[in-house]
Amino acid sequence: MMIFRKSIPRRTFIRGLGATIALPFLDGMTPAFAGPLDTAAKPALRLGYVYVPNGIIRERWLPTKVGTDFEMTDCLQQWAPFRNQLTVLSGLDGGPQFVGGHPRGSGMYLTGVDPKKSLNDVLDGVSVDQAAARELGKQTQVDSLQLCIEDAAEIAGQALGGYNAAYTNTISWRTPTQPLAMEYRPRAVFERLFGDGDSMDPEARLARMRRDRSVLDFVSEETTRLLADLGASDQTKVNEFLDAVRDVESRIQRAEASPPSADLPQVERPIGVPSAYEDHARLMFDLLLLAYQGDMTRVSTFMLAREYSELVYTNLNHTEPHHPLTHHRGVEWRIQQAGEVNVYHCKLFAEFLAKMRATPDGDGSLLDHSILFYGAGMGDADIHNQWNLPVAMLGGGAGRLKRGGIHIQYPKGTPFANFHLSLLNLIGAPTEQFGNSTGPADLSAIV
Amino acid sequence: MKISVGCICGVILLGAACLQAAQEQSPSSGADAASSQYRSVINRYCATCHNGKLKTADLDLNAADIANPGKAPHIWEKVVTKLRFRAMPPDPLPRPDEATYNSLVNYLTTELDQASVVNRNPGRPATAHRLNRTQYTNAMRDLLGLEIDGASLLPADDSGGFDNLGEVLSVSPVLMERYLSAARKISRLAVGNPSIPLDSANYPVSPYLVQGDRMSEDLPFGTRGGVAIRHHFPLDGEYAIKVRLLRTADGYVLGIAEPHFLDVRLDGSRIKLIQFGGEHLGRTAGADGLESDFQQKEYERNADAGLVVRIPVKAGARLVQVSFLNERSASEGLFAKRKRLTLQDALPGANDLQGSDPDVSRVTISGPYGARGSGETASRQKIFVCHPSGEDEQSCARDILAGLARRAYRRPVGERDLSPLLKLYEAGSSEGGFEAGIEMALQGLLVSPHFLFRIESEPSRMPPETAYAVSDLVLASRLSFFLWASVPDEPLLRAAEQGKLSDPAVLEQQVRRMLADPRARNLVDDFAGQWLLLRNVKTKTPNRDVYPEFDENLRQAFEKETELFLTSMIREDQPVPELLNADYTFMNERLAKFYDVSGIYGSHLRRVDVQDENRRGILGQGSVLLLTAYANRTSVVQRGKWVLENLLGVQVPPPPANVPGLKEKGEGGLGTLRQQMEAHRANPACMGCHSLMDPIGFALENFDGIGKWRTAENGAPIDPSGTLLDGTEFQGVTELRQLLHGRPELLVHAVTEKLLMYALGRTLEHYDAPAIRGIVRDSAASDYRWSSIILGIAQSTPFQMRRTRPL
């Protein structure tokens, strides 16, 4: 089923492992799993949340002027070419009352729910990306992508202050008890999108799907049998398992129903994980671009580093890890270096924005058809608070946004969840309450 | 401000209010004579804050009946924990004397322990406990004889101290996709599907590793540099092994001015000796300052292009060894010619080209080219217990799958289990024949909830909240996931199937057998790696300017030292307190130099007596000292916290929100670090915790941020003195160690707690405390040896029993 055609650069380059991996595409690539709802007339909306840890140094981020006349701070300056599609949001809080700490910072960022303090179990809320993915993810092969840079398993003692490490390792929550692991391996992301077959041969791909479906049928029957053996109160985890089986089953069915045809891009699988932070981050952004471009997913979250990250940005000539830098205690060089990290992250994101804008999508560019958030879960990392989170929104919103180039300041104490609520209603996932929302946030300036 | 339970920070702020409230207290009535003296101790020292009015830390000790502590164990266990470390009452409130402390603790624990026998509460680990990534990986090794890289197949698991906690391990669709694809790859590899396509694997070597010596036990003598890799070759066929050498920042291959020999081996036999380097295709850059000409530059950029070996390899896991022939005699020393590469040097510049030695930067193994069949791998031998000829395919498939399912599901399997697997087998075999059918059934088996979940289902018709002994099969799984992080092996499973495991003698015999098994190294790799945070040694990035001595070799030696040390502790069944006090460790030349020990040569770590009192035990080891420091300085707080939480079992709460750190007006402007910390501690909100952590951290101040001994910092002498909460004064790491070693039950208690949490895969609750005390008490007779603690856990109530569903 060919729904829309678009021209794609013949070769896309993904950098990784210090070498250049060429990704030759076939001409005129068409999305493999586009559903019938996608027509050239109504382009699909892509939603993304890019997260940076340990807050952002205020002076580097927040413009003093509100409205269309706001000034470009060091961070925002990186996005100067996209100013007309940039909305800076201020005054939004992680929580209505004072709450603090890293696990709450990332744990509440997209959920608006104060996470349960426990090592043994997790309880948070459904995150806004996942609430959106229930709508936007219906048509795509992958309902949402979760990306990161660090391998959480390699960090022992990552559980912080009595909170399970899940709260700092992810910002995506499928259910209040189901944190979604973020993927740091480019190859795993690639395989999720394009399958782990060794050829992109559509026949082989279909055969693999049929096989996977037989296996899933088996698993599903086995799980039902197991559930029958268990008492009602013991079924939670196994029920979750069954849900996961069904979800994967339905996605395979969808993929089978819209045959991939020969237009599937011929892409090389990345091998290994780039050792340099920058190469790694760029490679992940490039994979995200591919996923949006091929309409294989419309929702993503990407943690440029996990909350509480102790990464040392040696490429900026830093020797202190990021987290202690942000506890700057007013010491000038720490503020300086923490700010350098902030600007650097914005710069990497700017590269992604440029690629999104350079990629045609229907009647516009991918960036035109996106709403991308960039921000942090802490207002002031030095004293661990979540007031006035740094948040910005970029992209044209596929016709849902009428303008950008504005700094909107919300009344002090407005929960970020209010904005999530409004956003969900804006993109067609209507809801009346989200996390700790107290009502919808006013979007009249931009929609 | 809300004070979290167990937080002693901020308590001081309430001191005045507490004292005032104390005068309004009336002694509680109804206590019998035996307990009235304790009532008055509580009233005098505790209830001034922890009363019905103030409820400090949510604790009302007036309402709690001290005559019957067993009626409110959740309250009194909390009290015991605080008193054990003398953490309460906080300074400057009056404290009881040692005798009173001891007698109150004794009274409470005796009462609580007695009550726990009458009213057993073994807790309730998750009914469906998902295997985590480590366990899945180990299970593949034990079930299928397949060494897989779990990290490349499955996402990481979330950790609450340990990453095996059942309540946390959930299954999302993303994970399901990964399970599906992992099972597809694994079943294909295990069966040796002849259509396995060409693939390549990269094995990078850190540029910060100085390759000046023989790099590993797995590399031949007389070699220098390189790497030994365990690689799984999926099929009989040809494979290419390609070696990339280290380059300068601008892309020139290092160390090719002179000829060298690269030695490539497979399982110890040399495949090829390749000569390279020393070619002069044109003008070479020289002392005259002129650059190389074009041809020579091309050569210098691509001098490693010929380092490829293509050979037929038999399928299976094999050792690929790549190294350089060492053309110099040992007497020239470690880094005779090669400019020593440290973190400070980063990547060498182009001018290092002359006179340095080549280093391996990456090995890539690709293949199979022209596969020639499945070969005879360990996996195939494990799987294909029969080979059908003609009509008996079905019954052979049944035998194979019955065996695999029994081990994978960790229980006897019946027709209910087998017929769905056989259905999958038929679907596969109808398309691709017998082996394809087995492969398909195996793929299904590896995604089956019976494999992925450890199920501890309850006996039917048992009333809620009842303690019951788990079945032998459940016990077998508990044991194997505890000691091996893997599925039970045949002898253990058989003992359980025969119902013998509940026999204490059989249990003990099995535990001892399992501890002696190589798989028990899991206790070091997985348990201790998480308990002592040793995994983090890998992630540390010491500042190159401050610690020029630090390089990858030192990091690896640190890791290896502690790994060998812990392995020897457990393997030799040493007393647990020897962790602190052992008079031996493991060193190679690099490490010995760092520790100022002479007479150790070569890269191989061997057992060495520790002469320096300050280096005895784990507190003197570089790994621990490095992982508790910042990149450019030590951290008394992190070190103190590490000792408290991991060696003493004291949970240090996080700093309260919104308390800013010290304002340092220019670093060092306020005097020494100690003075700054003391000023910090003067803040009442900080004092409660820091008065616990800091003295311990200061005792370790003689070790710098990478663990090097020092007596002064920035010209000022180090003052490693400190005072513990009970008033004991000490001087430096040796006295701290002696103090801790003098109260072995503290360490043993902490180790038991951590081990029990790991063993059960759940966080511990107040009702587990009597079991822990019992294990510690009983193991005293065996000098607290590791086996007595581990056996104690295997025999304990929470391990042997389970509680039914809540009401």
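The values are calculated or read from the model by the stated rules, or taken from the named source; none is laboratory data. Please read these numbers as outputs of a predicted model, since none were measured by experiment. Neighbour counts are summed over all protein chains in view; Cβ atoms, including those assigned to glycine, are modelled from backbone coordinates with ideal geometry.
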Next item on the list: Could you pull out the residue among B:Val487, B:Val506, B:Val470 that is buried (at least 20 other Cβ atoms within 10 Å of the Cβ) and over 24 Å from B:Ile400 (Cα atoms)?
Entry: B:Val470
Check: Tell me, which residue of segment B:777-807 that is among the charged types (D, E, K, R) and without any contact (Cβ under 8 Å) to a residue 60 or more places away in the chain is farthest from B:Arg512 (Cα to Cα)?
Finding: B:Arg777
Note to self: Six or more apart or on different chains, Cβ atoms under 6 Å: show the pairs whose first residue is in segment B:101-130 and closer than 29 Å to B:Arg805 by Cβ and whose second is modelled with pLDDT of 90 or more and of a type in the set (Val, Ile, Thr).
What the structure shows: B:Arg120/B:Thr797; B:Pro122/B:Thr797; B:Ala128/A:Val238; B:Ala128/B:Ile455
Next item on the list: Could you tell me which of the residues B:Asn658, B:Asn646, B:Asn683 is modelled with pLDDT of 90 or more and within 14 Å of another protein chain (Cβ to nearest Cβ)?
Entry: B:Asn646
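Per-residue answers, yes or no, for (1) touching a Gly at 6+ places or on another chain (Cβ under 9 Å); (2) within 14 Å of another protein chain (Cβ to nearest Cβ); (3) without any contact (Cβ under 8 Å) to a residue 12 or more places away in the chain:
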| site | (1), (2), (3) |
| --- | --- |
| B:Ala505 | no, no, yes |
| B:Gln509 | no, no, yes |
| B:Leu515 | no, no, no |
| B:Arg519 | no, no, no |
| B:Trp531 | yes, yes, no |
Next item on the list: Scan segment A:158-176 residue by residue and report those that are within 7 Å of chain B (Cβ to nearest Cβ), within 19 Å of the chain's Cα centre (by Cα) and part of a loop (DSSP other than H, G, I, E, B).
Entry: A:Ala165
Notebook entry, point to check: Name the residues in segment B:154-174 that are more than 7 Å from chain A (Cβ to nearest Cβ) and either touching a Gly at 6+ places or on another chain (Cβ under 6 Å) or closer than 25 Å to B:Gly428 by Cβ (or both), would you?
Noted result: B:Leu154, B:Asn164, B:Gly166
Item checked: Conditions (1) over 30 Å from B:His690 (Cβ atoms); (2) crowded, with 19+ Cβ neighbours inside 10 Å; number of the one not met by B:Ala750 -> (1)
Notebook entry, point to check: So B:Glu300 clears everything in (1) buried (at least 20 other Cβ atoms within 10 Å of the Cβ); (2) assigned to a strand (DSSP E or B); (3) of a type outside the set (A, V, I, L, M) except one condition, right? Which one?
Noted result: (2)
Next item on the list: Collect the residues in segment A:225-246 that are surrounded by fewer than 17 Cβ atoms within 10 Å (Cβ to Cβ) and under 22 Å from B:Gly428 (Cβ atoms), keeping them in residue-number order.
Entry: A:Arg225
Next item on the list: Filter segment B:245-284 for residues that are in contact with a strand residue (DSSP E or B) (Cβ under 9 Å, 6 or more places away or on another chain), buried (at least 18 other Cβ atoms within 10 Å of the Cβ) and over 21 Å from B:Glu327 (Cβ atoms) and give the result.
Entry: B:Arg247, B:Leu266
Item checked: Candidates A:Ala338, A:Ala354, filtered to the one that is away from chain B (no Cβ under 14 Å) and in a helix (DSSP H, G or I) -> A:Ala354
Margin query: Contact list please: Cβ distance under 9 Å, first residue in segment B:48-64 and under 13 Å from B:Val79 (Cβ atoms), second residue part of a loop (DSSP other than H, G, I, E, B) and acidic (Asp, Glu), pairs at least six apart or on different chains.
Written below: B:His50/B:Asp60
Next item on the list: Return yes when A:His384 is within 14 Å of chain B (Cβ to nearest Cβ) and crowded, with 20+ Cβ neighbours inside 10 Å and no when it is not.
Entry: yes
Note to self: Can you find, within segment A:272-294, the residue that is nearest to the other protein chains (Cβ to nearest Cβ) among those that are over 23 Å from A:Leu366 (Cα atoms) and among the hydroxyl-bearing types (Ser, Thr, Tyr)?
What the structure shows: A:Ser275
Item checked: Some residue of segment B:121-137 being at pLDDT 90 or above, more than 14 Å from chain A (Cβ to nearest Cβ) and either out of contact with any Asp or Glu (no Cβ under 9 Å at 6 or more places or on another chain) or more than 18 Å from B:Ala771 (Cβ to Cβ) (or both) -> no
Next item on the list: Report yes if B:Arg188 is within 14 Å of chain A (Cβ to nearest Cβ), out of contact with any strand residue (DSSP E or B) (no Cβ under 8 Å at 6 or more places or on another chain), surrounded by fewer than 23 Cβ atoms within 10 Å (Cβ to Cβ) and within 30 Å of B:Gln651 (Cα to Cα), otherwise no.
Entry: no
Next item on the list: Residues being in a helix (DSSP H, G or I) and at the interface with another protein chain (Cβ under 7 Å from one of its Cβ atoms): count how many of those fall in segment A:226-259.
Entry: 12
Checklist line | Answer residue from segment A:307-325, given it is in contact with a strand residue (DSSP E or B) (Cβ under 9 Å, 6 or more places away or on another chain) and within 12 Å of chain B (Cβ to nearest Cβ) and is surrounded by the fewest Cβ atoms within 10 Å (Cβ to Cβ) among those | finding: A:Ser309
Notebook entry, point to check: Can we say B:Asp288 is away from chain A (no Cβ under 14 Å) and either at pLDDT 85 or above or outside any strand (DSSP E or B) (or both)?
Noted result: yes
Check: Across segment B:44-91, which residue is modelled with the lowest pLDDT among those that are charged (D, E, K, R) and farther than 26 Å from B:Ile772 by Cα?
Finding: B:Asp91
Margin query: Quick check on this structure: which one of B:Ala427, B:Ala441, B:Ala485 is within 14 Å of chain A (Cβ to nearest Cβ) and either assigned to a loop (DSSP other than H, G, I, E, B) or polar (S, T, N, Q) (or both)?
Written below: B:Ala485
Check: Quick one: would you say B:Arg773 is modelled with pLDDT of 95 or more and either within 14 Å of chain A (Cβ to nearest Cβ) or over 29 Å from B:Ser623 (Cβ atoms) (or both)?
Finding: yes
Note to self: Can you name every one of the helices (runs of 4 or more DSSP H) wholly within segment B:748-807 that holds 2 or more residues which are more than 22 Å from B:His129 (Cβ to Cβ)?
What the structure shows: B:769-780, B:786-795
Check: Between a first residue in segment A:116-145 that is more than 10 Å from chain B (Cβ to nearest Cβ) and without any contact (Cβ under 8 Å) to a residue 40 or more places away in the chain and a second residue that is surrounded by fewer than 24 Cβ atoms within 10 Å (Cβ to Cβ) and assigned to a helix (DSSP H, G or I), which pairs have beta carbons less than 7 Å apart while being 6 or more apart in sequence or on different chains?
Finding: none
Next item on the list: Look through segment B:542-554, keep the residues that are farther than 19 Å from B:Gln621 by Cβ and facing chain A (nearest Cβ under 10 Å), and return whichever of them is surrounded by the most Cβ atoms within 10 Å (Cβ to Cβ).
Entry: B:Asn543
Item checked: Odd one out for B:Ala371 among (1) under 30 Å from B:Arg478 (Cβ atoms); (2) more than 12 Å from chain A (Cβ to nearest Cβ) -> (1)
Item checked: Those residues of segment B:722-745 which are polar (S, T, N, Q) and at pLDDT 90 or above, in sequence order -> B:Gln731, B:Thr734, B:Gln738
Next item on the list: Among the residues of segment B:316-362, write down those that are touching a Pro at 6+ places or on another chain (Cβ under 6 Å) and modelled with pLDDT of 90 or more.
Entry: B:Arg362
